[in-house]
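These notes concern the structure reproduced below.
The values are calculated or read from the model by the stated rules, or taken from the named source; none is laboratory data. Please read all numbers here as calculations on a predicted model, not as lab measurements. Heads up, the Cβs are rebuilt from the backbone with ideal geometry, glycines too, and the neighbour counts pull from every protein chain shown.
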């Protein structure tokens, strides 16, 4: 009694030489009916660790039966992954247009009559029927949008994202695996999932508003938030059955299979809590967990062009006035200023990310921190 | 009786080596009081022709007195201009973050109480006083925003734009000089200026809604559109005294001083119509002028990865079914398809831009056209 | 009685996503025995026009029988072709290592005992046998080198080039199709082929020494030059039966099928003179032909960082003192120097190439010219 | 009795915007006559740690008198340092031409009559006079070369290097501070300095032939090797008084001031052994030192396009058959091959460098190792 694993390719893009880039879709069906979890990795081309986790997950799924279905997309943006400039990966945005790959998803239910009509029609149905029918509507809307996107040729900005959204539409849980630049592990969690996100046991959580900003998590949960609002208008309380998280797995440009084993435990625990895995997996470390609101997620911008020596590590707590980074600027010799200067914390916090290089232009995103954290 | 020309530098950014990039501001004061025109060039780093026009304008201003004042910023984005990758300029977006340099301006009056308060207070003033006082308010709002932008260090995305907006705030007319990739000459014109834009005598005009999308023209005219709306709510009809245009001067990566002489005539004619130049300059060619709505500005996306031979030149009219480009794809040999294929027009139109290289990935912005043009 | 056309793919490189890049090899066999011509295009990824010519050549070969064999490699460097940074192609050198793709070929007979041994053994054979046997030796040497290149994994720098050399080893004539940046049409011709190169009827020819510098033409003709020298040492005069040219087909980043028709005529005339095509093709324009020694091929380096307006077109003759380019540098305003400056010719010449952008850093290769030209 | 510290700037390059890049030269004169040491950092733009060491050295020199003179160039290639593409530094080669910044130095005495003439004239002088006069000759040759390099405008490829060579010509010891990609600390040592290099106490040393390959160390020591050879021809044994090392200080893109303190100790110990510092500095760890010949410095090329998890750290010893890296390639799923594969050691060795990203194209330089090491 094992899982059935199917794989297929979806052609994505043709390069000028004629070589083709495709999505690799892996569908894992358990022996029993159950929820559907959708997992994708590295929509940002330099954020590799999710693929290591997927490798470990596939290994696990070879011998451990699940309840329900998991759809898995490793390397969900092959174009971005393959864009090497020098030895690094130019993967955060479309090298042609500059568009951030994780800001190009669509919010199909924004100011739409389809959703209010849907609410009216299905107001008296039970939750399960509503969920099922709503997914059909979302699928239809996506297909309409794809048609628009190909009327004058296949518009690449958006088409990859629509394809990913289409694949995720049928699911109940979405895990979008990313990393930061030099970063700790943390989650983006929509407000309505603050409690439920406990089941991922992540050490740091950013609680984001139930709003749309173009990212995968928002693109998949906002239709449900909007449906809830429409039903509320009609007097019905509706609990959203859908969950979506952006999962940040440390630093970019590296993979670690050893760390992937630990990362996998978080996902397996989550799936266990959602009834997709019967036996409880090994426990994960839950000692240092903190949260903050997105509005308390602050970026320090480099005060000077300089070489920086970062003094606080990702995940580390610091106090107001602590030195976060030391900069070295030899131009100062010619201004009769000290070569060395410090970037100090303006408030207590936890360091989440820092810039992946020591050489930084003034005004670049040097450090990102959580302030006003709570547990 | 000549103009007084002052110049100054505004430090912008420090590179990791400590070298500094600055804005070069040239202020030209005529002998008589009059309007204020603000002109900037190449916020997109590869769009050079505006600088050639500015060079010719400065030459003109050395001997021809004006009425009022002109503020001139050549090379308004030195970081983008200096970002050479290979032999070309990586100038459309921030190479660090991907943000399009012309989508980072701020709309200060969006959903703001300051503007409705302002309207209430000044409802009975005459137009001139309103204009003068409103500019003061805009200046204050910009300075507040700049303070926000520097609280955690100087956030580069936005800070350049805020600085440019601040310089333009005091003006009556804004000309933001750009170019397309391989392109004809055309204007972006907000709806409320459709008639007035005649004075620039541009062969092609895109009429854009009175909305904010992040660009310089919108960022400078939207506060006035919003003020007009607020005053209207209070029962007063107010004619917007302010004009702002994005001026597209042909193709990127080139300058032509000879063409700059012709381009300058357009600007001088405009300034003449606005009372800033007494004598009428030489006439410009006005034979082939067409307009269309932004919603009729269409992009053809490359159907295949291929080498393309463009068959219609920028500025050229074409009919539905005409071949716009021929593609060559040798991979087709291995699919038993013809190597050569055609991209045909879906509707009548005028070609405005095409991609600046023959080698194109599928899904890239191949060609941009005006449809449903009118005169 | 037509040609037999075979095509095959040679796998070249695997991208991080697993997508594969391959060489596309097209082999055209005529009905009669005869010479073997090898043609490749765009080893530099942005130099596209050769592919348009190959397209036209394939069209021709569908209906026109040849004598002998033609091996054709369009898009001979798919990795370079597909490396788009912004909208342009980063194709001149390996984006990972910086190595110029046309400087990575191998000179197998440099200081080698194999060749002197070969000369001794075959000193008394007739030319035809020597040619045939020597090709076998070259093939063996290339295979040995390839083995070295893969001992610790497939070393990409060199492996593409070895593969191309291997494909060309069996041939009698090699045409390596390139382009300049913004350029006229010209040929690189080794000294020993100065006379024979007349048959390509190219308007400009650079006569290069019989030396090895890493390029395809040199890599293929130098083994024959060296063989000739070894046989000479042994007292035998040997005429080299092999020809190799770098063929520069105008400017990079563009294709023109119309111009490809004219380019093709040059190649067909050449093949006709070599006995591979029976009927004489249409004549080509031979009016403006000049040559110069490589030592008279001069580069002007940009004297200043500036925007340049090029005043002389590729192919145009100029006199000492003529203005080649005008530069605009607004920083000069702050040095009380004129914004505009000129780059003047230091000697009479013909302009061959100029930089493909108007924005140029000081010290970059601004303009390339032939001096001391002769006919 | 302290050192006298002078600083000056040498203009290097003007960007298209007119902004200027300069060399920052710091000259430290001790109170007593003595040798001259030249130190430069980060000619490769992403190799930052040398600048941290220079910062610590300057701190030291503020209070510790030296004997002789030290010339210091932090950020010796500001153009390369400032070339940020994405968040990383595109600093290994000229982004315009591809030329590796550390392969553009000149070997002035290669096949030159000046040096054999010099040897004849000075054959009977004592070593000190020969050294002094020879430096004058080298300076003259460099100035001649610079004149050549500017005849048609300032040729940037080479001009930076000539300027650095000129600054180093007067010195007795040259330390060129670099880093690897992800790397341990190691030295490049010319054969004739194998013994003397002990005084730098570096854990790993590559013994390179006394040959010229374009790098700074070679460019500065080869003239002395060649002089020695010429004098030898005339029957005189001459001991080279000059030393030059390429000093590899760990990984690129980072600085660590803490590690810089340790790095500095190596340099101070060296200067102490050369009589430039009186008091012996603190000792450095000398436990794990190994050497190998350059011909035993091997590169493993990536066998597949994949994500790699490096299994051996820089500086770590390994045995034949050990797993150096694990690759993950999801394309294998579609070839019915295992996703995971291993790169195994072909021989015993010490890992020196590995690629700085986990995402690697097939054929890229994955890992560099020393084999046949000795102590």
Fill in the blank from the handout: All-but-one check, residue A:299 against (1) under 28 Å from residue A:53 (Cβ atoms); (2) part of a loop (DSSP other than H, G, I, E, B); (3) within 14 Å of chain B (Cβ to nearest Cβ), failing number (2)
Completion exercise
Scanning segment D:342-359 residue by residue, those part of a loop (DSSP other than H, G, I, E, B), closer than 17 Å to residue D:326 by Cα and more than 10 Å from chain C (Cβ to nearest Cβ) turn out to be D:345, D:356
Handout entry: Conditions (1) within 14 Å of another protein chain (Cβ to nearest Cβ); (2) surrounded by fewer than 18 Cβ atoms within 10 Å (Cβ to Cβ); (3) in contact with a helix residue (DSSP H, G or I) (Cβ under 9 Å, 6 or more places away or on another chain): number failed by residue B:147
Key = (3)
Exercise for the section: Only residues that are in a helix (DSSP H, G or I) and farther than 23 Å from residue B:144 by Cβ: list them for segment B:103-128, please. Expected result: B:127, B:128
Exercise for the section: Being in a loop (DSSP other than H, G, I, E, B) and either away from chain B (no Cβ under 11 Å) or surrounded by fewer than 19 Cβ atoms within 10 Å (Cβ to Cβ) (or both) is the filter here, so list the residues in segment A:325-341 that pass it. Expected result: A:336, A:337, A:338
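Between D:179, D:163, which is in the same structural domain as residue D:40 (by TED's automatic domain parsing), within 17 Å of the chain's Cα centre (by Cα) and assigned to a strand (DSSP E or B)? Quick ask: steps written out before the conclusion?
Working: D:163 fails: assigned to a strand (DSSP E or B).
Just one listed residue meets the conditions, D:179.
Step by step: first the residues of segment C:150-168, then only those that are farther than 26 Å from residue D:347 by Cα and within 14 Å of another protein chain (Cβ to nearest Cβ), then the one that is surrounded by the fewest Cβ atoms within 10 Å (Cβ to Cβ). Which residue is that?
Here the residue is C:163.
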Completion exercise
Among residues of segment C:107-118 being modelled with pLDDT under 95 and touching a helix residue (DSSP H, G or I) at 6+ places or on another chain (Cβ under 6 Å), the residue farthest from residue B:93 (Cα to Cα) is C:116
Completion exercise
Given the conditions (1) under 30 Å from residue D:181 (Cα atoms); (2) buried (at least 24 other Cβ atoms within 10 Å of the Cβ), every one holds for residue C:102 apart from (2)
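Determine whether residue A:208 is over 20 Å from residue A:110 (Cα atoms), touching a residue at least 40 places away in the same chain (Cβ under 8 Å) and surrounded by 18 or more Cβ atoms within 10 Å (Cβ to Cβ). Please lay out each step first, then the result.
On the way: over 20 Å from residue A:110 (Cα atoms): no; touching a residue at least 40 places away in the same chain (Cβ under 8 Å): yes; surrounded by 18 or more Cβ atoms within 10 Å (Cβ to Cβ): yes.
In short, no.
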Handout entry: Only one of B:42, B:17 that is under 14 Å from residue B:249 (Cα atoms) and either outside the structural domain of residue B:200 (by TED's automatic domain parsing) or modelled with pLDDT of 95 or more (or both)
Key = B:42
Practice task
Considering each of D:305, D:363 in turn, give the residue that is touching a helix residue (DSSP H, G or I) at 6+ places or on another chain (Cβ under 9 Å), within 11 Å of chain C (Cβ to nearest Cβ), on the phi > 0 side of the Ramachandran plot and buried (at least 18 other Cβ atoms within 10 Å of the Cβ).
Solution key: D:363
Completion exercise
Sole miss for residue A:248 among (1) modelled with pLDDT of 95 or more; (2) within 16 Å of residue A:183 (Cα to Cα); (3) away from every other protein chain (no Cβ under 14 Å); (4) more than 18 Å from the chain's Cα centre (by Cα) is condition (4)
Exercise for the section: State yes or no: is residue B:98 in contact with a strand residue (DSSP E or B) (Cβ under 6 Å, 6 or more places away or on another chain), within 14 Å of chain A (Cβ to nearest Cβ) and farther than 27 Å from residue D:20 by Cβ? Expected result: yes
Exercise for the section: Select the strands (runs of 3 or more DSSP E) contained entirely in segment D:1-88, then report the ones holding at least 2 residues which are within 14 Å of chain C (Cβ to nearest Cβ) and either in contact with a strand residue (DSSP E or B) (Cβ under 8 Å, 6 or more places away or on another chain) or without any contact (Cβ under 8 Å) to a residue 24 or more places away in the chain (or both). Expected result: D:4-14, D:20-29
Practice task
Hey, could you check segment A:121-135 for residues that are within 19 Å of residue A:217 (Cα to Cα) and surrounded by fewer than 20 Cβ atoms within 10 Å (Cβ to Cβ) and say which is nearest to the other protein chains (Cβ to nearest Cβ)?
Solution key: A:135
Problem - residue A:92 being in contact with a strand residue (DSSP E or B) (Cβ under 9 Å, 6 or more places away or on another chain) and surrounded by fewer than 21 Cβ atoms within 10 Å (Cβ to Cβ) - result: no
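Given B:303, B:314, B:338, which one is outside the structural domain of residue B:211 (by TED's automatic domain parsing) and within 23 Å of residue B:249 (Cβ to Cβ)? Quick ask: steps written out before the conclusion?
On the way: B:303 fails: within 23 Å of residue B:249 (Cβ to Cβ); B:338 fails: within 23 Å of residue B:249 (Cβ to Cβ).
One residue alone meets the criteria, B:314.
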Handout entry: Number of the condition not met by residue D:98 [criteria: (1) under 23 Å from the mean Cα position of the chain (by Cα); (2) without any contact (Cβ under 8 Å) to a residue 24 or more places away in the chain; (3) part of a helix (DSSP H, G or I)]
Key = (3)
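Within segment C:283-296, restricting attention to residues that are closer than 18 Å to residue C:180 by Cβ and either surrounded by fewer than 19 Cβ atoms within 10 Å (Cβ to Cβ) or out of contact with any strand residue (DSSP E or B) (no Cβ under 6 Å at 6 or more places or on another chain) (or both), which residue is nearest to the other protein chains (Cβ to nearest Cβ)? So that I can check it myself, show each step before the final result.
Taking segment C:283-296 first, the residues closer than 18 Å to residue C:180 by Cβ are C:288-292, C:294, C:296.
Retained after the next criterion (residues that are either surrounded by fewer than 19 Cβ atoms within 10 Å (Cβ to Cβ) or out of contact with any strand residue (DSSP E or B) (no Cβ under 6 Å at 6 or more places or on another chain) (or both)): C:288-290, C:294, C:296.
Details: C:288: 25, C:289: 25, C:290: 20, C:294: 15, C:296: 12 Å.
The residue in question is C:296.
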